[in-house]
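Here's the structure we're looking at; comments come further down.
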Amino acid sequence: MFVLVEMIDTVRIPPWNFQRQLNEAVAEELNKKLANKVVYNVGLCICLYDVTKLEDSYIFPGDGASHTKVHFRYVVFHPFLDEILLGKIKYCSQEGVHVTMGFFDDILIPPESLQQPAKFDEAEQVWLWEYETDEGAHDLYMDQGEEIRFRVTDEVFLDTSPTGPAAAVPDTPVQQPGQSAAPPVEAVVETKEPPYTLIGTICDPGLGLLSWWNS
């Protein structure tokens, strides 16, 4: 679930931190820059593990800060495929069951990866498992906050680097007398996609559903 990743970066130390030990100042700046951030194709950065090498520091013209090339190891959340993790249901939608691990929320279990047969209750906005017994089928709801054990089947990294400005909206033609007004152009709603998403499948009943039913 957590891995150590070797990284190299140039760290800028402002002049007011020159009185501190270089290792301490570098560690603080690296955590400011990386902690709780997703690095593309690497994972969610948690915290600095250690600094393995400090190269020479330089001060460039026009900038009073020092710049040091640093080799370091960082603790990263990046589960391997088929790893089994424990989380809690955050909410349900037509897309599937959304799971949180407390520090990481972008986990999705699509409908086809739920226990079957499963269906979505529009009124309650939850997925339910139609659990078959000798007495017939019983609806076991996947309620918010229930613990769930899932297997990682895929991961999706999205490049969220800044892009150029959107294309300009063409000018509205001048309305001539007697012409009907054109319908207004609907504003494009931009949805923010997470930079790192885990896709999973339920690997056992979990959810407390069977224990709830048997009690």
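The values are calculated or read from the model by the stated rules, or taken from the named source; none is laboratory data. Note that the structure is predicted; figures quoted are calculated from it, not measured. Here Cβ is always computed from backbone atoms with ideal geometry, including for glycine, and neighbour counts include all displayed protein chains. What goes into the accessible areas is simple: the full protein's heavy atoms, side chains included, and nothing from ligands, DNA or RNA. Shrake-Rupley method; radii C 1.70, N 1.55, O 1.52, S 1.80 Å.
Summary table below
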read-out: Qualifying residues in segment 88-122 (those that are in a loop (DSSP other than H, G, I, E, B) and under 17 Å from Glu147 (Cβ atoms)) - the one most open to solvent (accessible area, probe 1.4 Å); value: Phe103
read-out: In segment 10-28, the residues that are closer than 21 Å to Val76 by Cα and open to solvent by 40 Å² or more (accessible area, probe 1.4 Å); value: Thr10, Asn23, Glu24, Glu28
read-out: Members of segment 53-87 that are small (Gly, Ala, Ser), farther than 12 Å from Val26 by Cα and in a strand (DSSP E or B); value: Gly87
read-out: Residue in segment 98-114 that is among the hydroxyl-bearing types (Ser, Thr, Tyr) and touching a residue at least 24 places away in the same chain (Cβ under 8 Å) present; value: yes
